[in-house]
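To keep things clear, I will list the structure first and then write my remarks on it.
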Amino acid sequence: MKGKVEAIIGTQWGDEGKGRVVDAVASRVDVVVRYQGGANAGHTVMAEGETYIFHLLPSGMLYPGKTCVIGNGVVVDPQQLIEELEGLQEKGKDRARLVLSGNAHVVMPYHKVLDGMEERFRGTGKRIGTTRRGIGPCYMDKVARRGIRVEDLLGPDVLREKLTFNLEYDNLLLTRIYEESPLSFGEIYDQALTWGEKLAPYVGDGSLVIYRAIEAGDTVLLEGAQGTLLDLDHGTYPYVTSSNAIGGGGCTGAGIGPVQITRMTGVAKAYCTRVGSGPFPTEADEESANRLRDRGGEYGATTGRPRRCGWLDLVALKHAVRVNGLTGIALTKLDVLSGEKKLPVCVAYSHEGRRVEDFKGGYSFLEKVKPVYKEFEGWEEDTSNCKNFDSLPEQARKYVEFIEKETGVPVVFIGVGPKREQMIRRGL
Ligand code: IMP
């Protein structure tokens, strides 16, 4: 095959700044593909003086002439997608071609209700802290083989049959388990048909579009959502999302053969953040966390929740190198660290008195670990106008070089501010 596929994925708990890294390479790729997750993601892209937050649209949508694919592995909230498309149309920025995979699953209104009910049922202490976008319940229906797919929105009879079956089941759950009112068929059915009409022009075969593009010599970019530590299998289970956010998820979630992916870039924030519950070994004390949050604007793009903040965790980053097969690291938000006197970097965990360097995602392990830090001197200088590696303060260069040495992976991109031009390219 003449073309190639590369991937940009998250190495932490999401919010690493994948949107802007994708945006930085979008001009040299032809097809941008979302392959998992749904409107739980919030990819922020700043372009032409405006800020865009995409929850479902691939970040390549702002580029004229690109093809953007929403792959079969994504769970699609149709209302959200329609609003994002209309938002771009109003601004005259719908300049890319969108292909919405017919075999992607649809987040239905009852999925969102059930997401909230399940969280309530878990109660304080066991709550996942989901985004309540219906992600888990939609993937549950997919795996249980009763899910409604995008293509079903275009067939009134199939839709009626599937929706009747699903509502019968979910209304039992709602009324008998959660003691809530049942949902009405008519309203959801009519709404779903309207979604189908609006989305019909975009529905296609994502896998085929990608295959043809590779055959034609194009470059395809897989855009991960969430991050490795939220991956259903390789993350901090059970405090994870319900899909495979790692690069391998791109094969199943977009319909691509594994050997076609030739470049795997992992996006890592220069420190760490997490939203929602679950273990976070390098979480900072309140004072440092507040400082990082204020400087880094660490509030969820989807839910507005303040993010938990902490220090860079190289044990976790090396895990991301392993399970994704990273060929490069894109380090974002390095500018946020300016002014920190000391920079702790976690190089190992201490688990029941023993030093551990290999990450394990399981909760029973992680709840018992304490980070072992190597402390770096910070730097005062503002880095937000640095255009190349040599113009960074010496301590910042040492910080980056240490990451490269420990992970064995080159840092191919450094983000020094939120704007498109605030970046240092080193081969990405
Ligand atoms: P869900 O994906 O809504 O089911 O949420 C499961 C967990 O993943 C929660 O801890 C969420 O806060 C987290 N999560 C889901 N999507 C994102 C994201 O895009 N960025 C950061 N955290 C996320």
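Around the amide H of Cys272, modelled in the peptide plane, lie the amide H atoms of Gly310, Trp311, Leu312, all under 5 Å away and 5 or more residues distant in sequence or on another chain.
Taking the stretch 329-356 and a reference point 7 angstrom along Cα→Cβ of Glu404, the backbone N atoms nearer than 16 Å belong to 329-332.
Distance between the 7 Å Cα→Cβ label points at Asn103 and Lys342: 5.5 nm.
Give the residue from Ala301, Leu337, Phe359 lying farthest towards the positive end of the charge dipole for the stretch 225-382; charges sit on Cβ (+1 for Lys and Arg, -1 for Asp and Glu) and the dipole is referred to the Cα centre. Working it through, the farthest residue towards the positive pole turns out to be Phe359. Counting other Cβ atoms within 10 Å, keep those with at most 10, restrict to DSSP loop, and tell me which trypsin sites (Lys or Arg not before Pro) in the stretch 135-197 are left. For trypsin sites (Lys or Arg not before Pro) across the stretch 135-197 that sit outside H, G, I, E and B with at most 10 neighbouring Cβ atoms in 10 Å, the list reads Arg145. Using only side-chain charges placed at the Cβ, +1 for Lys and Arg and -1 for Asp and Glu, the dipole size of the chain relative to its Cα centre rounds to 800 debye. Computed from the Kirkwood radius of its Cα pairs, the Stokes-Einstein diffusion coefficient for the stretch 192-300 at 10 °C and 1.306 mPa s stands at 93 µm²/s.
For the stretch 310-318, 3J(HN,Hα) computed residue by residue from phi via the Karplus equation (6.51, -1.76, 1.60; θ = phi - 60°) reads x, 9, 4, 10, 6, 5, 5, 5, 5 Hz, glycine and proline entered as x.
Solvent-accessible area of Phe280, all protein chains in place: 20 Å² (probe radius 1.4 Å, heavy atoms, ligands and nucleic acids excluded). Shape summary of the stretch 1-131, radius of gyration then Dmax from alpha carbon positions: 16.0, 53 Å. When the pairs Lys198/Lys419; Lys93/Lys142; Lys112/Lys162; Lys341/Lys398; Lys66/Lys198 are compared against a 26 Å limit on Cα-Cα distance, Lys198/Lys419; Lys93/Lys142 fall above it. In this structure, the amide hydrogen of Lys66, modeled 1.01 Å from its nitrogen in the peptide plane, lies closer than 5 angstrom to those of Arg97, counting only residues at least 5 positions away or on a different chain.
In plain terms, the chain from Ile177 to Lys368 could stretch by 65.3 nm, reckoned as 0.36 nm per residue minus the Cα-Cα distance.
Two numbers describe the Cα atoms of the stretch 92-174: Rg and Dmax, which are 15.2, 46 Å. With a Förster radius of 30 Å applied to the C-beta separation of Glu86 and Arg305, the computed FRET efficiency comes to 0.70.
For the stretch 132-278, the alpha carbon positions stretch 48, 42, 23 Å along the principal axes, listed from largest to smallest. Largest first, the extents of the alpha carbon coordinates of the stretch 182-225 on the three principal axes equal 50, 24, 12 Å.
Pull out a ≥ b ≥ c, the square roots of the eigenvalues of the alpha-carbon gyration tensor of the stretch 71-216, then state rounded if a/c is under 1.5, prolate if not and a/b is larger than b/c, and oblate in the remaining case. Prolate shape, in that a/c is at least 1.5 and a/b is the bigger ratio. So if R0 is 51 Å, what FRET efficiency would Glu161 and Asp294 give, r being the distance between their Cβ atoms, rounded to the nearest 0.05? Efficiency for this residue pair is about 0.45. Local charge for Pro279 was computed over the other residues whose Cβ lies under 13 Å away, with Lys and Arg +1 and Asp and Glu -1, and equals +2. Only one residue of Gly65, Leu222, Leu154 has its Cα farthest out toward the positive end of the dipole of the chain, where Lys and Arg carry +1 and Asp and Glu -1 on Cβ, and that residue is Leu222. Its Cα gyration tensor gives the stretch 347-428 an equivalent ellipsoid. The semi-axes, each the square root of 5 times an eigenvalue, are 32, 14, 12 Å from largest down.
Using only the Cα atoms of the stretch 60-119, construct the convex hull and provide its projected area averaged over every direction, in square nanometres to one decimal.
4.8
The alpha carbons of the chain give a radius of gyration and a Dmax of 21.5, 66 Å, in that order. Normalising the Debye intensity of the stretch 1-69 to I(0), with uniform scatterers on Cα atoms only, and taking log10 at q = 0.11, 0.12, 0.13, 0.14 Å⁻¹ returns -0.25, -0.30, -0.35, -0.40. Here the Debye sum runs over all C-alpha atoms of the stretch 247-381 as equal scatterers in vacuum, and log10 of I(q)/I(0) at q = 0.10, 0.13, 0.15, 0.18 Å⁻¹ comes out as -0.39, -0.65, -0.85, -1.13.
The values are calculated or read from the model by the stated rules, or taken from the named source; none is laboratory data. Here the structure is a predicted model, which means the values were calculated and not measured. Note: ideal-geometry Cβ built from the backbone for every residue, glycine included; neighbour counts use all protein chains shown. In case anyone asks, the SASA skips ligands and DNA or RNA and just uses the protein heavy atoms, side chains included. Shrake-Rupley method; radii C 1.70, N 1.55, O 1.52, S 1.80 Å.
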